[in-house]
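The values are calculated or read from the model by the stated rules, or taken from the named source; none is laboratory data. What you are looking at is a predicted structure, and each value in this text was computed from that prediction instead of being measured. Note: ideal-geometry Cβ built from the backbone for every residue, glycine included; neighbour counts use all protein chains shown.
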Amino acid sequence: MALPMRLMARSFAAAAIIAAGASQARAGDPVVSVETDAKMNAAHVRASIDIAAPPPIVWAVITDCARSPHIIPNLESCRIIKHDPGGRWDIREHIINWAALFPKLRTVVRTSYEFGHRMLFKRVDGDMRISEGEWRVEPMANAHGTRLYYNALVAPSFPVPEFMVERTVHTDLPNVLRAIQTASLSDAAKH
């Protein structure tokens, strides 16, 4: 059964509260919260994870388009369509095979970089009505790691089945954060 965006966001929020409460029990686990933005008819997603690797290593993982299909569940491809020769921005196309009975989802975002600290993204084309936000990398106070933040406003241009909302909250976003953590730890061990 498809949910209107307002109900979808409420389901997101309820599931996220449960997921966030459970994940706060262990250090290093992702923390996820989702709120309804009634004015935009969208979901506002916030997430964070502590990673025991230096910020430059975490930054390299989150900005690497070629690695994205190994980190983001159901992402078939990440392709840079256009880029600034100075490295300040690029336009990326993601193809997501999100469900067997549904068509693939295509998203195109312009990504702007505050090198080593912040990656901003905003929808320019594709199947999402709204997709904008940021990834932010900050050194932890103890100087032995990184806190990675994700903050986004998202809304598909089509109704979303409730089970997919629950899967995204309970599985996909925490798995993305854990995959970034694992890749960062692996890269840190090589240095």
- Message: Regarding region 156-163, can at least one residue be identified that is closer than 30 Å to residue 52 by Cα, among the small types (Gly, Ala, Ser) and at pLDDT below 95?
- Response: no
- Query: Quick check: is even one residue across region 53-70 touching an Asp or Glu at 6+ places or on another chain (Cβ under 6 Å) and assigned to a loop (DSSP other than H, G, I, E, B)?
  - Reply: no
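Restricting attention to region 102-152, which residues are outside any strand (DSSP E or B), farther than 23 Å from residue 60 by Cβ and touching a strand residue (DSSP E or B) at 6+ places or on another chain (Cβ under 7 Å)?
Within region 102-152, 104, 127 qualify.
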- Task: Can you work out which of the residues in region 93-104 that are without any contact (Cβ under 8 Å) to a residue 40 or more places away in the chain and over 14 Å from the mean Cα position of the chain (by Cα) is farthest from residue 160 (Cα to Cα)?
- Result: 93
- Any idea which residue in region 20-40 is modelled with the highest pLDDT, counting only those that are out of contact with any Pro (no Cβ under 8 Å at 6 or more places or on another chain) and part of a loop (DSSP other than H, G, I, E, B)? 39
- Residue list for region 94-118, restricted to those being within 19 Å of residue 172 (Cβ to Cβ) and crowded, with 16+ Cβ neighbours inside 10 Å: 94, 95, 96, 98, 105, 107, 109
- The one condition residue 85 fails out of (1) surrounded by fewer than 18 Cβ atoms within 10 Å (Cβ to Cβ); (2) assigned to a strand (DSSP E or B) is (2)
- Message: Looking at (1) under 22 Å from residue 41 (Cα atoms); (2) modelled with pLDDT of 95 or more, which one does residue 119 not meet, given that it meets all the others?
- Response: (1)
- Task: Working only within region 128-148, note down all residues that are surrounded by fewer than 17 Cβ atoms within 10 Å (Cβ to Cβ), closer than 25 Å to residue 33 by Cβ and in contact (Cβ under 8 Å) with a residue 24 or more places away in the chain.
- Result: 129, 138, 139, 140, 147
- Query: Within region 58-80, is even one residue closer than 22 Å to residue 158 by Cβ and of a type in the set (Val, Ile, Thr)?
  - Reply: yes
- If you take the residues of region 58-76 that are of a type in the set (Gly, Ala, Ser) and either surrounded by fewer than 16 Cβ atoms within 10 Å (Cβ to Cβ) or touching a residue at least 60 places away in the same chain (Cβ under 8 Å) (or both), which of them is farthest from residue 184 (Cα to Cα)? 66
